[in-house]
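Chemist: Mind having a look at this structure? Questions to follow.
None of the figures in this text is laboratory data; all of them are computed from the coordinates on show. Source: prediction; values computed, not measured. All Cβ positions, glycine included, derive from the backbone under ideal geometry; neighbour counts span all protein chains shown.
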Amino acid sequence: MSAAPRAVWRARNLIAIALLALVALAALSTERADAATYGGISAVAPEPPAAPAEEEVAGDAPSGPVNRAALVGGKAIAPLDAPAAVKKAIQAANRIRTKPYVWGGGHGRWWDRGYDCSGSVSFALRGAGLLNVPMVSGSLARWGEAGPGRWITIYANAGHVYAEIAGLRWDTSGTSGSGPRWHDEERSGAGFVVRHPPGY
């Protein structure tokens with residue numbers, strides 16, 4: 001190979017390497033931005049959720065029935081009268097409702113390739129501003145206040161957790177291992193500790 005074609009070949013390779021480096025840097029900066037936006041795991045113990053501001057609470061929990069969220073094409077639609085935090089929890093859960101089940105998913109970072117039961121419940125609670133770090137199911141069994149909530153109820157034990165948000169079940173079970181999904185049908189709470197965020 002003569003010097004001129006060799007120089008052209010080297011120049012093309014250098015350009016290709018430079019383009020790959022730029023793509024890698026762009027992906028890294030996007031991942032860092034996602035980590036900053038969605039948080040990550042922390043060694044700091046989570047604080048119990050703060051009671052919501054008075055204007056966000058539609059009555060004391062639990063007092064009377066709430067309007068049920070609608071389920072349309074697998075996506076939950078919050079009731080119009082739901083408090084802002086409940087609407088935000090539903091919006092957050094909707095963002096990951098098609099993700100696959102991945103054991104440990106949602107615990108190393110908020111935005112993940114898939115979610116397990118506690119990762120998906122933690123993601124919804126974080127979207128509502130009720131949780132700062134992901135929690136495992138056993139920890140969620142001690143989180144918040146005892147008993148069912150008016151808008152959000154957590155059912156947890158050492159091996160599994162699911163939530164009921166505005167009357168719909170947010171759960172990874174009953175989906176044939178496909179991941180976090182909304183469900184119209186109720187599930188037995190037998191064997192679960194029932195908790196709720198204060199005011200909800």
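Chemist: Of Arg109, Arg95, which residue is basic (Lys, Arg) and in contact with a strand residue (DSSP E or B) (Cβ under 6 Å, 6 or more places away or on another chain)?
Modeler: Being basic (Lys, Arg) and in contact with a strand residue (DSSP E or B) (Cβ under 6 Å, 6 or more places away or on another chain) holds for just one of Arg109, Arg95, which is Arg109.
Chemist: So if I check each of Leu125, Leu168, Leu71, Leu140, which one is over 19 Å from Gly199 (Cα atoms), out of contact with any Cys (no Cβ under 9 Å at 6 or more places or on another chain), of a type outside the set (Asp, Glu) and touching a residue at least 12 places away in the same chain (Cβ under 8 Å)?
Modeler: Just one listed residue meets the conditions, Leu71.
Chemist: Can you pull out every residue in region 80-95 that is out of contact with any Asp or Glu (no Cβ under 6 Å at 6 or more places or on another chain), crowded, with 17+ Cβ neighbours inside 10 Å and assigned to a loop (DSSP other than H, G, I, E, B)?
Modeler: Within region 80-95, just Ala82 meets the criteria.
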